[in-house]
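The values are calculated or read from the model by the stated rules, or taken from the named source; none is laboratory data. Just so it is clear, the structure is predicted and the values come from calculations on it, not from any experiment. As a convention, Cβ positions derive from the backbone with ideal geometry for all residues, glycine included, and neighbour counts pool all protein chains shown. Each accessible area value is taken on the protein alone, full model and side chains, heavy atoms only, with ligands, DNA and RNA left out. Shrake-Rupley method; radii C 1.70, N 1.55, O 1.52, S 1.80 Å.
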Amino acid sequence: MTTHSKKLPTRDLWSYATGEGSNSITMNGVNNFAMLFYTQIMGMSPELVGMALFLATFWDAISDPLMGTITDRTRSRFGRRHPYMLIGGAVLCLAFVALWFIPESFQGEKVLFGYLLCLNILVKTAFTVFVVPYTALGFEMCKAYDDRARLQGIRYGFNMFMNILFGGFAWMLFFPDVTAADGSVIDGTKVEGHFHTMGLTLGAVSLLLILFCVYSTYKYAEKGAAPESDAADGDGLVGHAKAFIHDLKDVYSDKLVWFVFAFFGLAQFSMMVVSQVQMFTYIEYMEFTAAEKTFVHTGGMFGFAIGSLGLGSMVRRWDKKLTGIIAMAISSAGGLGLFAVFTGGLLDPQASIGSFPLAVVVFAGLQMMWWGGCGIIVPLATAMISDLSEVKKWQTGEVTEGRYAAGFSFFLKLASSLGLLVTGFILKSVGYVSGAEAQSAEAIDNLAVTTFLAGPILMALAFVIIRFYPLTHEKVSQLRRQYGADES
């Protein structure tokens, strides 16, 4: 195995993070705008869109463990991670573009449902082929407890910088409001051509980031044959099946893994629900203009990025469990603040002082708190799983990064898929009507309450779990000495 310095150069961390930039562009592109596109433009019912997105993401989740086994046991002169990152990444970008270009002959909800489902399955399969080896590569690159938090913080910070540029500024870059012939203003998300421009642009940028990531991190590729212990079951179909079962048992029998999976699964579910419903709250409840949407949405992303980039310092000061508790408190305070201010009647959603948009600024500040806490939680959980993978490697001598990365990715995607599914039914239950020119006052109020309260409630459940997580910096150091491991 190639050895690397105890602390990775910052430039290598940022080079690795460019791969997460592609993840951000494609996955956030779908999460941010697919529900809007298929309901407002294509006229599909929200529950059908949610079902299609759920099924594809659920398939994505269950395919992760298999990909973990495959990448851990690959023997190649190009490494066990990089070939999959290249192929999966290229297919991901092409399939993403196709999501926004629906053949004119495809009419009716059943046909559109089939198109959305099949294409999303292709997108998610390609994403699995890319992201599992990519995440495992990050686990391999970092050998130090604090450095793993540092890498994951930079990784997800870059994710959010890309989301700021192509998600937050998308309202202005791709979805400017349009003036109709009669002088009325049409919301930019109700113009089909805008989605076409967005899809092509994001697909091209995503592909460039993947190519750069593969090239710049290739020096960390673990080339040649896998360790003998990894190939012990043989290379045939039966051998691969045994390896797959072994890896599943290995990950899911690790009791500490379940603390992280359950804690992060609840947090990720809350993030997905809020991220989906908040889009409709922007439009229907707050009645933001395109510029105001950009300001508010970008503020949340900026908060996420700040939280991610500050993770390394927080972990060095407070360790990982306390950092997670602090992050959940910050997020919950933001959501509860939005509920108290706007639905509690402290401030009208359109309030201003002269030309100063008071409601917009207050909304942006509180939402920034919500997403700032989330920006700490996501890379923190990833770093925790990286720690557990390293400990397992000390215990068994096997390559474990792929299987642990896949196990973590499974729970992330399972929570995301359930969030997408629930969002569709939430929209229906609050009275949202697809394609309607105006929504009822009751539906609009219910959208806001869901946006503001769903997150804090779920974060409270996540807190109950993470408070029992036992792994600390001192415990990891003790285990390192026990197994005679070093940080080289």
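Among the residues in the range 198-208, are any closer than 17 Å to residue 297 by Cβ and in a loop (DSSP other than H, G, I, E, B)?
Start the filter on the range 198-208 by keeping residues that are closer than 17 Å to residue 297 by Cβ, which leaves 198, 202.
Remaining after also requiring in a loop (DSSP other than H, G, I, E, B): none.
Scanning the range 198-208 turns up no residue that is closer than 17 Å to residue 297 by Cβ and in a loop (DSSP other than H, G, I, E, B).
Yes or no, residue by residue, for (1) touching a Ser or Thr at 6+ places or on another chain (Cβ under 6 Å); (2) open to solvent by less than 40 Å² (accessible area, probe 1.4 Å); (3) on the phi > 0 side of the Ramachandran plot:
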site: 11; (1), (2), (3): no, no, no
site: 14; (1), (2), (3): no, no, no
site: 19; (1), (2), (3): no, yes, no
site: 23; (1), (2), (3): no, yes, no
site: 46; (1), (2), (3): yes, yes, no
site: 68; (1), (2), (3): no, yes, no
site: 78; (1), (2), (3): no, no, no
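Just to check your reading of the model, which residue among 184, 206, 216 is among the hydroxyl-bearing types (Ser, Thr, Tyr) and buried (at least 20 other Cβ atoms within 10 Å of the Cβ)? Break it down stepwise before answering.
Numbers: 184 fails: buried (at least 20 other Cβ atoms within 10 Å of the Cβ); 216 fails: buried (at least 20 other Cβ atoms within 10 Å of the Cβ).
One residue alone meets the criteria, 206.
May I ask you to list the residues in the range 94-114 that are assigned to a helix (DSSP H, G or I) and open to solvent by less than 40 Å² (accessible area, probe 1.4 Å)? Even if it seems obvious, please write down each step before you answer.
Keep residues of the range 94-114 that are assigned to a helix (DSSP H, G or I), which gives 94-98, 109-114.
Hits for the range 94-114 are 95, 96, 97, 98, 112, 114.
Tell me, which residue of the range 259-312 that is polar (S, T, N, Q) and more than 17 Å from the chain's Cα centre (by Cα) is most open to solvent (accessible area, probe 1.4 Å)? Write out each step before concluding.
To start, the set of residues in the range 259-312 that are polar (S, T, N, Q) comprises 268, 270, 275-276, 278, 281, 289, 294, 298, 308.
Cutting the leftovers down to more than 17 Å from the chain's Cα centre (by Cα) gives us 281, 289, 294.
Details: 281: 1, 289: 65, 294: 6 Å².
Restricting to residues being polar (S, T, N, Q) and more than 17 Å from the chain's Cα centre (by Cα), the top hit is 289.
Take residue 443 and tell me if it is within 30 Å of residue 340 (Cα to Cα), open to solvent by less than 30 Å² (accessible area, probe 1.4 Å) and either in a helix (DSSP H, G or I) or touching a residue at least 40 places away in the same chain (Cβ under 8 Å) (or both).
In short, yes.
Can residue 287 be described as part of a helix (DSSP H, G or I) and either among the basic types (Lys, Arg) or over 23 Å from residue 376 (Cβ atoms) (or both)?
Values: part of a helix (DSSP H, G or I): no; either among the basic types (Lys, Arg) or over 23 Å from residue 376 (Cβ atoms) (or both): yes.
Considered against the rule, which asks whether it is part of a helix (DSSP H, G or I) and either among the basic types (Lys, Arg) or over 23 Å from residue 376 (Cβ atoms) (or both), residue 287 comes out as no.
Could you please find all residues in the range 329-338 being open to solvent by 20 Å² or more (accessible area, probe 1.4 Å) and not small (Gly, Ala, Ser)?
330, 336
Can you tell me which residue among 341, 391 is within 26 Å of residue 13 (Cβ to Cβ) and open to solvent by 10 Å² or more (accessible area, probe 1.4 Å)?
Values: 341 fails: within 26 Å of residue 13 (Cβ to Cβ).
Criteria check complete, one pass: 391.
Could you list, ordered by first residue, the pairs with Cβ atoms under 9 Å in which the first is in the range 143-170 and assigned to a loop (DSSP other than H, G, I, E, B) and the second is open to solvent by 10 Å² or more (accessible area, probe 1.4 Å) and basic (Lys, Arg), at least 6 apart or interchain?
Hits for this filter: 143/6; 144/6; 144/7; 144/150.
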